[in-house]
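To start, the structure itself, in structure tokens.
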Amino acid sequence: MPRYAQLVMGPAGSGKSTYCSTLIQHAEAINRSVQVVNLDPAAEHFDYPVMADIRELIMVDDVMEDESLRFGPNGGLVFCMEYFANNFDWLEESLGHVEDDYILFDCPGQIELYTHLPVMRQLVEQLQQWEFRVCGVFLVDSQFMVETFKFISGIMAALSAMVSLEIPTVNIMTKMDLLSPKAKKEIEKYLDPDMYSMMEDNSVTIRSKKFKKLTKAICGLIDDYSMVRFLPFDRTDEEGINIVLQHIDFSIQYGEDLEFKEPKEPEEEPDNTNYDDLFQDKVED
Ligand SMILES: Nc1nc2c(ncn2[C@@H]2O[C@H](COP(=O)(O)OP(=O)(O)OP(=O)(O)O)[C@@H](O)[C@H]2O)c(=O)[nH]1
Ligand SMILES: [Mg+2]
């Protein structure tokens, strides 16, 4: 039986930990078992119960305080993640071997982890060896997406994660609840973007010919291959959260191998039910 994992990624402060805790609450409400593993060795606050916490293995503060290493916060994080990659047996022990497990991995926000460092890919390969089906969930803050150029750089970040990890990826625009109704309307065009017309709208503001050409080529590439779409995520909207979850479940075929469970019997049957009435057409005299 497979197990299922979401790698929750995205730039610093994009809402990864909030996404995890929102999803945990949603899963509880719909009676589904979902657990979280914190993979951020610099995490200070999160409000979900963890199945495992990388800080039990290594913490950024300890690495930064080490006199022989002398790392700053970013170098310290990279050191921690490399240490983690050399100690996957810690993760294996913490995860145990439960079939049908569904686990969210709350990852750190340093973008270099998803662009050129090998650790996230090594993690994916390791999880796959443990029979996990892994979906990447890439979060981008909607506050930064209301302008075309910010949007293109958000897409490029999501794309580099997709290309370097080679797993199905669902891209999510977070913090939709903070947008005004006008901004919400404005952002709709970014969810399933028509890059060519977006480019046309903004090309007037680009003065350099070469830069215009490059931006056009990038937009064309994104559009031609329909490579990036975003799903809106509003933590106050249960229906929207459900749609996001359905997309992710579909990409890792969650539910296909689950055994059918009998629905719960109602506590008490109404004693005036006449089943013959329900199943037979009544003939009126
Ligand atoms: N209103 C609102 N605030 C949000 C939402 N998601 C995150 N926030 C706020 O944004 C800030 C950062 O959220 P986190 O969930 O900690 O972001 P993160 O991506 O885990 O951050 P790092 O782990 O530091 O990279 C917090 O103050 C959250 O309360 C959201 O959907 N709506
Ligand atoms: Mg976080």
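The values are calculated or read from the model by the stated rules, or taken from the named source; none is laboratory data. These numbers were taken from a predicted model, which means no experiment stands behind them. For neighbour counting, all protein chains shown are included, and Cβ atoms are generated from backbone atoms with ideal geometry for every residue, glycine included.
Residue count for segment 3-50 satisfying the condition of being outside any helix (DSSP H, G or I) and crowded, with 17+ Cβ neighbours inside 10 Å: 24.
Just so you know, in segment 5-56 the residues that are within 13 Å of ligand 2 (Cβ to nearest atom) and among the hydroxyl-bearing types (S, T, Y) include one that is farthest from Y254 (Cα to Cα), and it is S14. Can you tell me which residue in segment 129-146 is farthest from ligand 2 (Cβ to nearest atom), limited to those that are over 11 Å from the mean Cα position of the chain (by Cα) and closer than 14 Å to G109 by Cβ? Taking the candidates together, the pick is F144. Considering the conditions (1) part of a helix (DSSP H, G or I); (2) modelled with pLDDT of 95 or more; (3) not charged (D, E, K, R), I103 is excluded by exactly one of them, (1).
When I172, I187, I152, I167 are checked against the criterion of being within 16 Å of ligand 2 (Cβ to nearest atom) and either surrounded by fewer than 16 Cβ atoms within 10 Å (Cβ to Cβ) or not hydroxyl-bearing (S, T, Y) (or both), I172 stands alone in meeting it. Select from segment 110-124 the residues that are of a type in the set (A, V, I, L, M, F, W, C) and assigned to a helix (DSSP H, G or I) and write down the one among them that is farthest from V98 (Cα to Cα). By that ranking, first place goes to L113. Filtered by the rule that a residue be more than 21 Å from D234 (Cα to Cα) and in a helix (DSSP H, G or I), segment 125-156 gives E125, Q126, L127, Q128, Q129, T148, F149, I152, S153, M156.
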